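What follows is a short report on a single structure.
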Amino acid sequence: MAPAALLTGVFFLVPMVLLVWMSFFHWPLLGVVRPAGVANYVRAFGDADFGRALWFSLRFTAVLVPASLLVSYLAAILVRRSSRVASLMRTAFFMPVVIGFAAAAYMASVLLMPSTGLINRILAALHLSDGTTSWFATADHSFWAIVVLSTWKGMGVAMILLMAAMQTVGEEVVEAAKIDGAGVIRRELHIMLPLVRRQLALCLLLALSGTLLTFDQFYVLTKGGPSGSTLTAVMYVHSQSFVRYNLGYGAALSMIITVVILGIAVVQLRALRATGRDA
Amino acid sequence: MSARTGHGRLGGLSYVVVGSGLAALAVAPILYIMLRSLLPADADATGIGPGSLLQLTAENYRRIFDPGVGLGTYVRNSVVVAVGTALVVTIASTLAGYALSRISFMFSGGLFVLLLAPLVVPYQGLLTPLSLLLGELGLLDSLLGLILVLATLQLPFSVFVMRNALDAIPIELDEAAQIDGASLGRTLRSVIIPLGWPGVVTVFLFGFMAGWNDLLTSVVFLSDQQRYTLPLALTSISTSFQIPGLQIVDTGLLTATASVATVPVIALFLALQRYYTKGLVGGAIR
C-alpha cells in the first residue's frame, strides 16, 4: 500500500494543490512571483487563441471518438469467437496500441509523403488523386489524416474491452434469435448492443477524455500549423507554460481544461448510472 | 453450412480470408516502414516492390548507430525509463492491489478512490506544477524523475487491474498458506503472484509501454540531449535533416529510427500477449 500512496501523494496530490495555487499568481520562470487574483482566468476567457485551440480539440474529439468506437465495435464482433484467425486478428489489431504515438506519427509521415509515400502512390494508381497531396500542408488534410492514424493506433483498447463484454454475454443468446429468423444485423443491433451498452459507455468515457487531451500526433506531424489551425488545447498550454514560461497562466489554462474534462466525466457517469438502473 | 462453428454466413472460408486480410492490413504500415529501413537511399525514387527484397542493406542502421548520431545513448535511456517505470508500477500496484483486495482497514475505500483519482484529472494539466516540484526535489532533467512521474500516472490503471486480478483468487488459499505458517511476504511470493500472474504481466507490459513510448512528459522534463529518450530522439533526428521552409527528410534514417523505437515493444507484446486480455478485463472473463 505504502509505495502507491506515497507516489500518488507526492507526484499527484501535491502538484494538484500547487496547480490551483499557481493559477492565482503571475509566475514567470525567473523573476518575482506576484499575486494575480483572478487575472489569469479573466485573460483565459478573453484569449482567442486558447478558444480556438480548445474548439479544435473538441472538434477532433467529436469526429474521432464516434468513428474510432464504431471501428472498435465492428472489430470486437469479428474477433470475439475463439478460432486461430480470430486470435490472429486480435493480435494484429492491438499491435498499433503498443507502439508509441511518436513512432506511429513518424511512420505516417513517411507513408504520406507527397509523390514517394506509399499512400499517395496507391491513390495515384487508383486514379483517386495525382499522388502529390501534401497531407500536412493544410488544416483539412492533416485533420483527416490524423483521424485515420489515431483510429488505427487506438481502436484496439476498446475492441478488447467490448470483445470481453460480448463473450460474457455469450453466443447462445444471439444464436437463440437466429432460430427465430432474425438476420445478422438485427441480432447484433437489437440483442447484443443493449447487453453491452455499459461497457460501451465506459469505452466512450475513456476515449472522450483521452482524445480531448491529444498532444503527440499533432506535435509531431503539424506542430499546430499551418498558422495555428491544428493547435490542440494541450499544445497551447504546453507552449504557454514551457515555451513562453507563463507558468501561472499555464496553470489557469490547465484548470479550465481539467474542469471541462471533469464536467464531461460527471455527465457520463450519471448517464452510465442511469443505464445501469434500467438494465 | 458451418455447423461446426455455428457462425452462419460469416463462418468458414470467407471468415478466414477476410480476417487474415484485415489482420495483414492492420500491421502492413509497420512492416512497410521496417522494410523501407532496410533499403538504400534511392528506394523512394525507384519505388518499393518485390524487387526491393534483393537490395536489402543495413546501411541506415549503421548510420544511426554511428557515434556522431549516437542513437545508442537514446536506446539505453529508453530502456532505463521503460524498465524502471514497469518495475516501480508493478511493485507498487501489486502491494496496493493486495492490500485493497485482502486487508480491509478503516480508510481502504477512500484510498482506492485516491489512487484512482488521477484517472479523471488530466495529468497533462499537472506538468506545470510537476516541473517546479521536480526542480525542488533535484529530479528535473533526470531519468529517475521521469520514471517516478510516469509510474504515478500509470498507477490508477495498474491498481485497478491488480485489485481485480487478486479479487479473483479465493481468499481461502492465502488463509491456508498462513495456517501452514507462511509469512505475508511468503504468501505473496508463493500464492498471490503465481495466481495473479496475468495481472502482474499486464501491469508490467503497460508500464513498459508507458515508459518506452512517452513523448509529452519527456519533452517537458528532459532538456540535456544526453538524457533524451527514443521518442525525443525521433523528433531531433527527423528535424536535423530539414532545411527551413523546404522539407528534406532522410527517409532511411527516419524509418530505421522508428523501427528501433518500435521493435522492442512489439517483441515484448508478442511474448506476453497470452496474458494481457485476461489481465485487462480481470475477473469479467473466465
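Summary of computed values
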{"quantity": "Simple label model, 7 Å out from Cα along Cβ direction - A:D49 to A:V184, nm", "calculated": "5.2"}
{"quantity": "Compactness of chain B, expressed as Rg and Dmax over alpha-carbon positions, Å", "calculated": "23.5, 73"}
{"quantity": "Note, ³J(HN,Hα) from phi for segment B:253-270, Karplus 6.51, -1.76, 1.60, rounded to Hz, x at Gly and Pro", "calculated": "5, 4, 5, 5, 5, 4, 5, 4, 6, 10, 4, x, 6, 5, 4, 4, 4, 5"}
{"quantity": "Per-selection Rg to Rh, segment A:36-162 - Cα, Kirkwood hydrodynamic radius", "calculated": "1.10"}
{"quantity": "Choice from B:P170, B:P40, B:P50 with maximal GNM fluctuation in chain B (Cα, 10 Å cutoff)", "calculated": "B:P50"}
{"quantity": "Percentage relative contact order, segment A:91-197, counting C-alpha pairs under 8 Å, at least six apart", "calculated": "23"}
{"quantity": "Protection-proxy order for peptides A:4-11, B:65-72, B:19-26, each taking the mean of Cβ atoms within 10 Å per residue, highest first", "calculated": "A:4-11, B:19-26, B:65-72"}
{"quantity": "Peptide B:213-222 - average C-beta neighbours from other chains (10 Å radius)", "calculated": "4"}
{"quantity": "Whole-number Å³ per residue for the convex hull built on Cα positions in segment B:105-229", "calculated": "144"}
{"quantity": "Dipole magnitude of the protein assembly as shown about its Cα centre (Cβ charges: Lys, Arg +1; Asp, Glu -1), debye to nearest 20", "calculated": "860"}
{"quantity": "³J(HN,Hα), Karplus 6.51/-1.76/1.60, whole Hz, each residue of segment A:231-240, x for Gly, Pro", "calculated": "7, 8, 4, 5, 4, 5, 4, 4, 6, 5"}
{"quantity": "Against the rule of thumb 2.2 N^0.38 Å, how large the Cα Rg of chain A comes out", "calculated": "1.21"}
{"quantity": "Peptide A:13-22 - average C-beta neighbours from other chains (10 Å radius)", "calculated": "5"}
{"quantity": "Neighbourhood charge, 14 Å Cβ-Cβ cut-off, centred on A:R244 and excluding it, Lys, Arg +1 and Asp, Glu -1", "calculated": "-1"}
{"quantity": "Hull shadow area, averaged, segment A:7-50 [alpha-carbon convex hull, nm²]", "calculated": "4.1"}
{"quantity": "Directionally averaged shadow of segment B:152-213, computed from the convex hull of its alpha-carbon atoms, nm²", "calculated": "4.4"}
{"quantity": "Counting all C-alpha pairs of segment B:25-177, share separated by more than 24 Å (%)", "calculated": "59"}
{"quantity": "Prolate/oblate/rounded call for the protein assembly as shown, Cα gyration tensor, a/c under 1.5 rounded", "calculated": "rounded"}
{"quantity": "Å³ per residue enclosed by the Cα convex hull of segment A:167-229", "calculated": "129"}
{"quantity": "For chain A: relative contact order, % (alpha-carbon pairs under 8 angstrom, 6 or more apart)", "calculated": "29"}
{"quantity": "Cα→Cβ-extended label distance, 7 Å offset, between B:L184 and A:A67, nm", "calculated": "5.1"}
{"quantity": "Prolate/oblate/rounded label for segment B:46-94 (Cα gyration tensor, a/c 1.5)", "calculated": "oblate"}
{"quantity": "Value of [θ]222 nm, deg cm²/dmol, for chain B, DSSP H segments ≥ 4, -39500 (n - 2.57) each, nearest 500", "calculated": "-21500 deg cm²/dmol"}
{"quantity": "Ordering of A:266-273, B:268-275, A:146-153 by packing [mean C-beta count within 10 Å, highest first]", "calculated": "A:146-153, B:268-275, A:266-273"}
{"quantity": "Cβ-based charge dipole, the protein assembly as shown, positive-most Cα from A:N120, B:A176, B:V220", "calculated": "B:A176"}
{"quantity": "Proximal charge balance of A:A139 [Cβ under 14 Å; K/R count +1, D/E count -1]", "calculated": "+2"}
{"quantity": "5 angstrom amide H check on A:H26, placed H, neighbours 5+ away", "calculated": "A:R34, A:A36"}
{"quantity": "10 Å Cβ neighbours from other chains, averaged over peptide B:254-262", "calculated": "4"}
{"quantity": "Phi-based couplings in Hz for segment B:44-57 (Karplus 6.51, -1.76, 1.60; Gly and Pro marked x)", "calculated": "5, 6, 7, x, 10, x, x, x, 4, 4, 7, 10, 3, 8"}
{"quantity": "Dipole magnitude of chain B, debye to nearest 20 (Cβ charges: Lys/Arg +1, Asp/Glu -1, about Cα centre)", "calculated": "700"}
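Bear in mind these aren't lab numbers, they're just calculated from the coordinates by the rules spelled out. On a predicted model such as this, the values are computed, not experimentally measured, just so you know. All Cβ positions, glycine included, derive from the backbone under ideal geometry; neighbour counts span all protein chains shown.
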